[in-house]
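Quick notes on the structure that follows.
Taken together, the values in this text are just the output of simple stated rules run on the coordinates, not laboratory data. Note that the structure is a prediction, hence the values are computed from the model and not measured. Quick reminder, even Gly has a Cβ in these numbers, built from the backbone with ideal geometry, and neighbours come from all protein chains shown.
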Amino acid sequence: MAIVNPCPCGSNKEYALCCKPFHQGAPAENALLLMRSRYSAYVLNLPDYIVKTTHPANPQYSDHLFSWKRSISKFSKKFSFHSLEILDFKEKNALATVTFTVHMSQGGRDATFTEKSYFEKMGSLWLYRSGQLEEGYAPNFVTAGLLRLLPLAYYGDSVLRKKAEPLTEITKELKDLVEEMIETMEACDGMGLAAPQVHHSIRLFIICAPIEIAPDQIELGEIKVFINPKILSSSEETWETPEGCLSIPSLRCNVKRPKEITVEYLSLDGSLRKERFTGWEARAILHEYDHIEGILFIDRIDPQEQTKFQPFLQNLEKRIHDGRAL
Ligand SMILES: [Zn+2]
Ligand SMILES: [Zn+2]
């Protein structure tokens, strides 16, 4: 039987039997169905649906609904959508990734892109958390193996305010946790991640901070793991620059930090190290060290700025802990 009104997601089903129920309010059973229905919402120019299925921690998330919807609508109108190709789908507990290619064009020119999207389930709803993009068709974007993402603790979660416990031994489980933390940090494009941010109240964090090799030259730093760290000394000289935090999405503010520090810590192989760090590495270490002490970067900004950000923080806490996007 011929399909009268095919669903734009390319499922070869009637729209009414495919993505339409989701667009009309039925919750998607999994992240793959959500992803498909978001794609067809873009094709059909349904900005409301995109907004409703976006995680409040998404960098694009905005309370200025009108302009947000307007920009979604512009995207829908600007491009011709040809087809959706699903490359990979992984799900674990309340987290999922979908890697897909959208074949599309703009004014006759190819505008195909591949995206690895991250989804998180809040309450009973799957939501789009964030995505990493590649231009064109990029099947190599699919990572082998199991999904190794961890759920983040966001502003307002009590684990972020606890002083974390020291570790007594380096176990296989701990090494697995570090692997998962690395993947989570990379998925969210973070410069560091502390164990309390993934709901483990232990004295462990990782960093991946850029290193300034010359005044205008920045090299992507390597991933470093710190267990039971101690800040032995910090320079009197400080520097101020905007900082962000994966637990407080969308907020950036100036924080003053020492330029140089000396840190003693256990590395993942169990050896005790004493090292000096400068610049962004020092900043990332101090930011993450604060996390294991139950301190957030917003505690370190000047009181006037703090007052200014109060409404933003209250709003963030509300929308995240209400477990719904709107
Ligand atoms: Zn569909
Ligand atoms: Zn942070």
request  = Would you list, by chain and number, the aspartates and glutamates whose Cα falls below 20 Å from the Cα of Lys20, excluding same-chain residues fewer than 8 positions away?
outcome  = Glu29, Asp48, Glu85
ask   = By counting other Cβ atoms within 10 Å of each Cβ, how are Met191, Met104 ranked from fewest to most?
value = Met104, Met191
ask   = What pairs from Lys74/Lys318; Lys69/Lys92; Lys92/Lys163; Lys172/Lys224; Lys52/Lys116 go past 26 Å between their alpha carbons?
value = Lys74/Lys318; Lys69/Lys92; Lys92/Lys163
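Estimate the FRET efficiency between Asp302 and Ile3 by the formula 1/(1 + (r/R0)^6), using the beta-carbon distance for r and 56 Å for R0, to the nearest 0.05.
The calculated FRET efficiency here is 0.35.
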request  = Just need the relative contact order of the chain here, percent rounded to a whole number, with Cα pairs under 8 Å and 6+ apart.
outcome  = 14
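So which GluC sites (Glu not before Pro) in segment 176-260 pass both tests, a DSSP loop state and at most 11 other Cβ atoms within 10 Å of the Cβ? Write out the running numbers ahead of the final one.
Numbers: sites: Glu179, Glu180, Glu183, Glu186, Glu212, Glu219, Glu222, Glu236, Glu237, Glu240, Glu243, Glu260; in loops: Glu222, Glu236, Glu237.
Passing sites in segment 176-260 are Glu222, Glu236, Glu237.
Find the all-direction average of the projected area of the Cα convex hull for segment 158-321, expressing the result in square nanometres with one decimal place.
Numbers: hull surface 40.5 nm².
The Cα convex hull of segment 158-321, projected and averaged over all directions, gives 10.1 nm².
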query = From the residues Asn12, Pro303, Thr241, which one has its Cα farthest along the dipole of the chain in the positive direction, the dipole being from +1 and -1 charges on Cβ of Lys/Arg and Asp/Glu about the Cα centre?
reply = Asn12
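What translational diffusion coefficient, in µm²/s and rounded to a whole number, does the Stokes-Einstein relation yield for segment 7-92 at 37 °C and a viscosity of 0.692 mPa s, taking the hydrodynamic radius as the Kirkwood radius over Cα pairs?
Translational D for this selection: 241 µm²/s.
Dipole of the chain, Cα-centred, from +1 at each Lys and Arg C-beta and -1 at each Asp and Glu C-beta, to the nearest 20 debye?
On the way: 38 positive and 43 negative charges, 259 e Å.
Approximately 1240 debye in magnitude.
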inquiry  = Under 10 °C and 1.306 mPa s, how fast does segment 118-199 diffuse according to Stokes-Einstein, given a Kirkwood radius computed over C-alpha pairs? Answer in µm²/s, whole number.
reply    = 106
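State to the nearest 20 debye the size of the charge dipole of segment 15-141 about its Cα centre, where the only charges are +1 on K and R beta carbons and -1 on D and E beta carbons. Working shown, then result.
Working: 15 positive and 11 negative charges, 75 e Å.
Dipole about the Cα centre, nearest 20: 360 debye.
So how many Å³ per residue does the convex hull of the Cα atoms of the chain work out to?
Details: hull volume 53.0 nm³, N = 326.
Output value, Cα hull per residue: 163 Å³.
Report the charge-dipole magnitude of segment 158-321 in Debye, nearest 20, computed about the Cα centre from +1 at each Lys and Arg Cβ and -1 at each Asp and Glu Cβ. Don't skip to the end; give the middle numbers.
Numbers: 20 positive and 29 negative charges, 124 e Å.
In debye, rounded to 20, segment 158-321 gives about 600.
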task = At a Cα cut-off below 13 Å, give the aspartates and glutamates reachable from Lys78, other chains included and same-chain residues fewer than 8 away excluded.
result = Asp110
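Per-residue ellipticity at 222 nm for the chain, helices alone: DSSP H runs ≥ 4 residues times -39500 (n - 2.57), over residue total, nearest 500 deg cm²/dmol?
Details: 7 runs with 86 residues, N = 326.
Rounded to the nearest 500, it is -8000 deg cm²/dmol.
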request  = May I ask you to sort Lys162, Lys121 by Cβ crowding, counting other Cβ atoms within 10 Å and putting the fewest first?
outcome  = Lys162, Lys121
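Using the 10 angstrom Cβ neighbour count as an exposure proxy, how do Lys74, Lys52 rank, fewest first? Write out the running numbers ahead of the final one.
Values: Lys74 12, Lys52 17.
The most exposed by this proxy come first: Lys74, Lys52.
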request  = Among the aspartates and glutamates, select those whose C-alpha is under 15 Å from the C-alpha of Lys13, and discard any that sit fewer than 8 residues away in the same chain.
outcome  = none
Cβ-based charge dipole, the chain, positive-most Cα from Tyr42, Phe141, Gly221 = Tyr42
message = What do you get for the angle between helix 303-321 and the principal long axis of the chain? Use alpha-carbon atoms, 0 to 90 degrees, nearest ten.
response = 50
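One quarter of the convex hull surface, Cα atoms only: what value does that give for segment 224-326 in nm²? Show your work: numbers first, answer last.
Values: hull surface 31.4 nm².
If I average the Cα hull's projected area over directions, I get 7.9 nm².
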